[in-house]
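Report on one structure; see the data block that follows.
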Number of protein chains: 2
Amino acid sequence: MNDRNGNRNGTHPKIEDVARLAGVSTATVSRALNATGRVREETRLAVERAVAELGYTPNFGGQALASKRTNTIGAIIPTMENAIFARALQALQETLSESNVTLLVATSHYSPQREEAQLRSLLARGVDGLALIGIYRSEIAYRLLDTRRVPFVILWSDPAQSTHVTIGFDNQAAASDVAERVIAAGHRQIAMISGIRDGNDRAEARVAGVAAAMQAHGLVLPNNWLIEIPYTLDDGEQAARQILTKTPRPTAIVCANDVIAAGVLRAARELDIDVPSQLSVTGFDDIELARAVSPPLSTVHVPHRRIGSTAARLLMDWIITGNRPNSVTFPTAFMARESLQRLEVAVT
Amino acid sequence: MNDRNGNRNGTHPKIEDVARLAGVSTATVSRALNATGRVREETRLAVERAVAELGYTPNFGGQALASKRTNTIGAIIPTMENAIFARALQALQETLSESNVTLLVATSHYSPQREEAQLRSLLARGVDGLALIGIYRSEIAYRLLDTRRVPFVILWSDPAQSTHVTIGFDNQAAASDVAERVIAAGHRQIAMISGIRDGNDRAEARVAGVAAAMQAHGLVLPNNWLIEIPYTLDDGEQAARQILTKTPRPTAIVCANDVIAAGVLRAARELDIDVPSQLSVTGFDDIELARAVSPPLSTVHVPHRRIGSTAARLLMDWIITGNRPNSVTFPTAFMARESLQRLEVAVT
DNA sequence: CAACAGAATGTAAGCGCTTACATTCGGTTT
DNA sequence: AAACCGAATGTAAGCGCTTACATTCTGTTG
């Protein structure tokens, strides 16, 4: 069963095998491998040699069970198909990987029920920490998080609106800023295509921001000029069609994100409405798409990658030190591009 | 320390606590919870009640250690920022989630070294299965996979080129088809912007496909008309600039993916070269971007989501039954859109 | 009604690792 | 040379779960 080195063939070597081959105890092997506790350099090398010879890798279950840590953090996002989340997740993963922590990913499709289910699943997987999107979720979900005492951060929302550790920006202010600029460009007939607000604080805040800015200028956002749709190109195109084929027609459409705005551009193109001379369009997010379409979109730059990497850093910090970190608010920036133009036509 | 129900306060309840409260043994609790072995309905309910009352969730480490399964599968992709991988990953995750399996995600940035590092990390995390992109990786990586006996599937490559279980399509044939169509449209001066071929069999195959089709028609792909760049919009734009600002100028540019093609469109726009009347452009992948840009891109439709969901299904099958499944080859389809146009100018 | 079979449950031995505590080792100090 | 001390290492007790095997029920059969 055992060869001359003490290798049990067939099964994977365990720490005991390494210990035997290196001529030390399992405790020393563990200490040498995890750099916890002092080990003479010479011993460390012997252990390393044994590990290499046997091709040993620690068993995850054993390690997790004994140490009560999985070196795994989980993220639940609406969908990876939205570039903003993909970017943040990418940065999150890269940063975690520097600490030798792996990332469990789950998606909710913007559904609180699915998020809760995924949350249970990740908690059962023993994640050491969690990254979640937005502040809206069921009491149950928050309670789950609370009783498990798992460090978690909330991304994308405005820290000012949240009692938890959150890494995001002021969606409402950013949206207000967009509207202000559209208004400053002379537009008065302004429509908005929003994401689904139900259960989505960011979508809600963006509409609120636009509405507030308009109101401040004595303008109103009529009901039929505020359309709520899923964040897809096709939905954006369709919504734009609905707005643009009726009279009167807005001179500008403010969109809740770049994908929707790209859909609006496509609708305009097909309806032979020139952007920006006949219609101004703004997006939100500043993803690659914003500069790929023609004309390039005026939009709000959001530091997606920094949100992700900051999340990783705060979480690791929290997990290691045990101290809850402070929230982080990022600034956003309006990116003026061709899709928004000063209104030339005199409107009485 | 224990309250009247036997709840030890502070710490999380364990299976023993549930057993005590339900008045059964830990074995029965385990059987009831995992639906393994027969348990009287009445007993099952008692266990469920105890679980609910205590808010019990199984400890992951203990479970993994005892059962030798983690219900976790890993995926290593180049980057989530490329929509094709994000889409496949999304589908993979969704499908896995139906089997109550969670997904560990790691990224390699197209670097074999990083892939190997991530592979080690995921193997150490005890994944039950793995999804990898492409067939090129170090001997060491393959050996690692082999000695661990972890089921793994390869995505995106051509199953015909691989000895492992792979889920993909014939990249070379698809690329040849594109070139054929460009040639059939009358183009003779054709340039190609490729992805980095080193370590990437798909990029390699696509160039080979285009070159083969051209050769079959007595055409050559001159060195200065074949540019290799990373898959980004900016790189695509820059490469296109390089090609388009010299004389002679190609009448068509075949791109290795849609993102690069979008970059070419942007370069053309800035150089005042009309697409498609003065320049035809083709992409590859058929991501949303292809229909967002103007003119919409002629491209190759690849069933990204199906690749992902199929990967999940095959992996689960393999893990559960222990039988290695067969590879799957998907068909691709050329999507004729405006960016490719018949060459009108008579070229002698 | 005894004998028996299958269903339901219990007992207890690990799974492979970490870590508190105990022990040994090799100088230093007195 | 005895006493002492910190560094290095060893011992062994869990961590919480699954599961092979043993035992106890329960209903059926001859």
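The values are calculated or read from the model by the stated rules, or taken from the named source; none is laboratory data. In this text the structure is predicted, and so the values were computed from the model without any measurement. Cβ sites come from the backbone with ideal geometry, for glycine too, and all protein chains shown count toward neighbours. Heads up: the accessible areas ignore ligands, DNA and RNA and are worked out on the full protein's heavy atoms, side chains in. Shrake-Rupley method; radii C 1.70, N 1.55, O 1.52, S 1.80 Å.
Place the peptides A:170-176, B:140-146 in order of packing, highest mean first, counting for every residue the other Cβ atoms within 10 Å and averaging per peptide.
Highest mean packing first, the order is A:170-176, B:140-146.
Output ³J(HN,Hα) for the stretch B:89-102: one whole-Hz value per residue in order, computed from phi by the Karplus curve 6.51 cos²θ - 1.76 cosθ + 1.60 with θ = phi - 60°, and x for Gly and Pro.
For the stretch B:89-102, the Karplus-derived couplings read 5, 4, 5, 4, 4, 4, 5, 4, 4, 5, 9, 6, 10, 9 Hz, x marking Gly and Pro.
For chain A, what is the convex hull volume of its Cα atoms per residue in Å³? Working shown, then result.
Working: hull volume 56.0 nm³, N = 348.
It comes to 161 Å³ per residue, whole-number rounded.
Between the stretch A:234-250 and the stretch B:207-232, what is the separation of their alpha carbon centroids in Å?
42
Please give the FRET efficiency for B:Gln161 paired with A:Arg143, using the beta carbon to beta carbon distance and R0 = 51 Å, rounded to the nearest 0.05.
It comes to 0.50.
At 0.36 nm per residue, and after removing the present C-alpha to C-alpha distance, how many nm does the segment from B:Ser67 to B:Ala184 gain when stretched out fully?
36.2 nm
Placing +1 on the Cβ of each Lys and Arg and -1 on the Cβ of each Asp and Glu in chain A, which of A:Ile196, A:Asn34, A:Gln172 has its Cα farthest towards the positive end of the resulting dipole?
A:Asn34
So for the protein assembly as shown, taking the charge dipole from beta-carbon charges (+1 Lys/Arg, -1 Asp/Glu), which of A:His12, B:Leu89, B:Thr79 sits furthest toward the positive end?
Sorting the options by dipole projection puts first A:His12.
Pop out the ³J(HN,Hα) list for the stretch B:198-209 in order, Karplus 6.51 cos²θ - 1.76 cosθ + 1.60 with θ = phi - 60°, rounded to Hz; leave Gly and Pro as x.
Values, residue by residue: 4, x, 10, 5, 5, 4, 4, 4, 5, 5, 4, x Hz.
Determine ³J(HN,Hα), in whole Hz, for all residues of the stretch B:291-302 in sequence, where each value follows from phi through the Karplus function 6.51 cos²θ - 1.76 cosθ + 1.60 and θ = phi - 60°; x replaces Gly and Pro.
These are the phi-based 3J(HN,Hα) values: 9, 8, 7, 10, x, x, 7, 6, 7, 10, 7, 10 Hz.
Search the structure for amide H atoms under 5 Å from the amide H of B:Ser280, placed 1.01 Å from N in the peptide plane, and list their residues when 5 or more places away or on another chain.
Hits under the 5 Å cutoff: B:Ala252, B:Ile253.
Nearest 20 debye, what's the magnitude of the dipole of the stretch B:171-301 about its Cα centre given +1 on Lys and Arg Cβ and -1 on Asp and Glu Cβ?
The calculated dipole for the stretch B:171-301 is roughly 400 debye.
In square angstrom, what is the accessible area per residue of the protein assembly as shown with a 1.4 angstrom probe? Please report the intermediate quantities before stating the final value.
Values: 30400 Å² over 696 residues.
With all protein chains present, the protein assembly as shown gives 44 Å² per residue.
Give, rounded to the nearest 20 debye, the magnitude of the charge dipole that the protein assembly as shown has about its Cα centre when Lys and Arg contribute +1 at Cβ and Asp and Glu contribute -1 at Cβ.
Computed charge dipole of the protein assembly as shown: roughly 2020 debye.
What does the stretch B:84-170 give for Rg and for Dmax, in Å, if only its C-alpha atoms count?
For the stretch B:84-170, the Cα radius of gyration and maximum Cα-Cα distance read 12.7, 34 Å.
Scan around B:Phe334 for amide H atoms under 5 Å from its own, H built in the peptide plane at 1.01 Å from N, and keep only partners 5 or more places away or cross-chain.
Distant-sequence amide H within range of B:Phe334: B:His301.
Please name whichever of B:Leu122, B:Ala267, A:Ala64 sits farthest to the positive end of the charge dipole of the protein assembly as shown, dipole taken about the Cα centre and charges placed at Cβ: Lys and Arg +1, Asp and Glu -1.
Checking the options against the dipole of the protein assembly as shown, the answer is A:Ala64.
P(r) tail for the stretch A:231-348, what percent of Cα pairs lie past 23 Å?
Of all Cα-Cα pairs in the stretch A:231-348, 41 percent lie more than 23 Å apart.
Taking all protein chains in place and a 1.4 Å probe, what share, in percent, of the accessible surface of chain B do carbon and sulfur account for?
Solvent-exposed carbon and sulfur of chain B make up 48 percent of the total.
Residues of the stretch A:236-274 losing 40 Å² or more of accessible area relative to the isolated chain, 1.4 Å probe, heavy atoms only?
Buried by 40 Å² or more upon assembly, which counts only protein chains, are A:Arg266, A:Arg269.
Straight distance only, please: which lysines reach the Cα of B:Lys14 with their own Cα at less than 22 Å, same-chain residues fewer than 8 apart left out?
A:Lys68, B:Lys68
How many angstrom lie between the Cα centre of the stretch B:16-61 and the Cα centre of the stretch B:260-295?
Here the answer is 60 Å between Cα centres.
For the protein assembly as shown, just the Cα set please: Rg and Dmax, both in angstrom.
28.2, 96
I need the shape label for the stretch B:15-66. Rule: rounded when a/c is under 1.5, else prolate if a/b > b/c, else oblate, with a, b, c from the alpha carbon gyration tensor.
Oblate, because a/c is 1.5 or more while a/b does not exceed b/c.
At B:Gly55, label 7 Å along Cα→Cβ: distances to the other copies, nm, ascending?
Reported distances to equivalent positions: 4.5 nm.
Once the whole set of protein chains is in place, how much accessible area is left on B:Lys246, using a 1.4 Å probe, in Å² to the nearest 10?
110
Determine, at each q value in 0.10, 0.14 (inverse angstroms), the log₁₀ of I(q)/I(0) that the Debye formula gives when each Cα of the stretch B:171-301 is one equal point scatterer.
-0.25, -0.50
Taking amide H positions as placed 1.01 Å from N in the peptide plane, with prolines and chain starts having none, which residues 5 or more places from A:Gly74, or on another chain, fall under 5 Å of its amide H?
Result for A:Gly74 returns A:Leu104, A:Asp128, A:Gly129, A:Leu130, A:Ala131.
Counting only helical runs of four or more DSSP H residues, what would the 222 nm mean residue ellipticity of chain B come to if each run contributes -39,500 (n - 2.57) and the total is spread over all its residues?
After summing the helix terms and dividing by residue count, I get -14000 deg cm²/dmol.
Taking a quarter of the surface of the convex hull around the Cα atoms of the stretch B:281-348, what do you get in nm²?
For the stretch B:281-348, averaging the hull's shadow over all directions gives 6.5 nm².
Hey, got the dipole for chain B? About the Cα centre, +1 on K and R Cβ, -1 on D and E Cβ, debye to the nearest 20?
1040
Between B:Gly74, B:Gly23, B:Gly236, which gets the highest mean-square fluctuation from a Gaussian network model of chain B, Cα cutoff 10 Å?
Of the options given, B:Gly23 has the highest mean-square fluctuation.
Can you compute the label reach from A:Ala336? Point 7 Å from Cα along the Cβ direction, backbone N cut-off under 19 Å, restricted to the stretch A:170-197.
Zone members listed by number: A:174-188.
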